[in-house]
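Notes to accompany the following structure.
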Amino acid sequence: LPHEERVLHCTTAAEVADAIRRLAVRGAPLLGIAGGYGLALAAYAASGEPDQDDQLRSAATMLADARPTAVNLPAAVGRVQAAAVNAADPYPAALAAARAIEREDAAASAAIARHGLPLVPAGARVLTHCNTGRLVSGGEGTAFAIVLAAHRAGRLAHLWVDETRPLLQGARLTAYEAAAAGIPHSVLTDAAAGSLLASGQVDLVLVGADRIAADGSVANKVGTYPLAVLAARHGVPFLVAAPLSTVDLDTPSGSAIPVEQRSAAEVLTVAGRPIAPTGSAAYNPAFDVTPPDLLTALVTERGVLQPVDAQGLAAHCRMEPISVSP
Ligand code: MRU
């Protein structure tokens with residue numbers, strides 16, 4: 001993408017893990033969904049084998065470890081594994097669990113859009129980062145689901161799309177989704193966000209998350225933290241939208257979130273061509289962590305949490321879940 005839409009068929013857990021590692025599938029909710037189906041493929045392959053449980057265990061480790069930051073991945077793989085291990089026939093149990101994860105994510109996405117819409121002022125000019133639409137979701141996404149709802153309600157004047165260096169998820173994916181939905185949008189370099197915010201042309205910054213720690217710290221695509229600082233500096237609301245499957249109460253604080261470091265080549269080349277002298281080193285964290293005091297609010301399928309802090313987040317997670325029809 002954006003030039004060619006190609007469907008990738010994965011028929012083994014190893015192929016799914018490989019697709020995850022090279023970002024053919026990416027974005028926190030979709031990593032969970034793909035990981036769940038990956039383990040269902042492993043359950044199918046192991047079905048009836050004498051070492052069935054061992055095969056499932058090693059496939060689960062391979063999938064859960066394919067990327068470290070989005071908690072959706074190990075959580076979903078663990079859930080499918082538990083369903084399979086406790087079942088007389090692991091494959092149908094694993095497949096049913098994977099399908100439930102996908103269905104729940106679609107429902108969460110719709111609820112996030114519903115809860116987030118009132119936070120978008122009429123005529124809003126929204127700035128977003130990375131990609132958070134249907135390409136990452138069982139439904140219409142997280143932050144982008146709110147953008148879509150605002151567009152449909154006639155409240156969105158413009159979408160500012162950070163290109164999202166180094167892999168350009170904003171330029172390649174979010175602009176593609178915005179164009180498909182007929183949303184007026186402009187792509188900007190990440191570095192231009194500061195002067196854009198200073199010029200008064202942004203009413204709301206809206207992003208997703210890969211892992212939210214118990215203290216409310218948010219790991220998201222690198223470049224999110226500077227946006228949060230800039231939004232605070234310019235008095236612009238900074239909203240995070242994420243399903244509860246992205247909240248990890250077992251990770252106590254932002255500094256405990258594992259941040260994926262990716263290859264130097266992603267920074268030192270553009271479209272396969274070197275852009276720095278041979279031998280240059282690179283710093284390439286895929287994510288950064290935004291402390292909770294920089295968040296105006298967190299939108300989940302259960303509603304809006306404002307302010308975001310440890311106590312509020314724990315209570316928010318204990319609220320009644322939305323019901324999902326089978
Ligand atoms: O490295 P990626 O492309 O998987 O990173 C994705 C993001 O950072 C998204 O913003 C995040 O997963 C939220 S998507 C709902």
Original post:
Taking θ as phi - 60°, what are the ³J(HN,Hα) couplings along region 172-186 by the Karplus curve (6.51, -1.76, 1.60), each to the nearest whole Hz, with x for Gly and Pro?
Top reply: 7, 10, 5, 5, 5, 5, 5, 4, 4, 8, x, 8, x, 8, 9
**OP:** Determine, for V25, V304, V299, the number of other Cβ atoms within 10 Å of each Cβ, and report the residues in order from fewest to most.
**Re:** V304, V25, V299
**OP:** Give me the net charge of I20's neighbourhood, meaning all other residues with Cβ under 9 Å from the Cβ of I20; Lys, Arg count +1, Asp, Glu -1.
**Re:** +3
Original post:
Check T132: other-chain or 5+ apart residues with amide H under 5 Å from its amide H, H built from backbone geometry?
Top reply: F144
Subject >> DSSP loop GluC sites (Glu not before Pro) with at most 16 other Cβ within 10 Å excluded, longest remaining stretch of the chain >> reply: 6-259
**OP:** Taking only Cα atoms and a 10 Å spring cutoff, compute GNM fluctuations for the chain and point out the largest among A82, A219, A24.
**Re:** A24
Original post:
Can you sort T278, T128 by how many other beta carbons sit within 10 Å, fewest first?
Top reply: T278, T128
Subject >> Sequence of L268, L41 once ranked by neighbouring C-beta atoms within 10 Å, starting from the fewest >> reply: L268, L41
Original post:
Which helices count as membrane-span-like in the chain under these terms: full DSSP H, at least 20 Å along the axis by C-alpha, Kyte-Doolittle mean of 1.0 or more?
Top reply: 28-46
**OP:** Just the number, please: percent antiparallel of the DSSP beta bridges in region 192-326, rounded to the nearest 5.
**Re:** 60 percent
Original post:
Counting trypsin sites (Lys or Arg not before Pro) as exposed when in a DSSP loop with at most 10 other beta carbons within 10 Å, what is the longest stretch of the chain free of them?
Top reply: 23-326
Original post:
Non-local amide H neighbours of F287 (under 5 Å, H modeled in plane, Pro and chain starts lacking H): which ones?
Top reply: V222, E260
**OP:** Considering only DSSP beta bridges where both residues belong to the chain, give the percentage that are antiparallel (nearest 5).
**Re:** 40 percent
Original post:
Which residue fluctuates the most in the chain, going by a Gaussian network model with Cα springs under 10 Å, if the choices are G272, G141, G170?
Top reply: G272
**OP:** Specify the residue with the greatest mean-square fluctuation among A286, A98, A76, computed from a Gaussian network of the chain linking alpha-carbon atoms under 10 Å apart.
**Re:** A286
Subject >> Per-residue HN-Hα couplings for region 266-280 [Karplus 6.51, -1.76, 1.60; θ = phi - 60°; Hz; x = Gly/Pro] >> reply: 5, 8, 8, 10, 10, 6, x, 9, x, 10, 9, x, 3, x, 5
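Readers should treat all values here as calculations from the given coordinates under stated rules, not as data from a laboratory. Note that the coordinates shown come from a computational prediction; the quantities given were computed from them, not determined experimentally. So basically every Cβ, Gly included, is an ideal-geometry build from the backbone, and we count neighbours across all protein chains shown.
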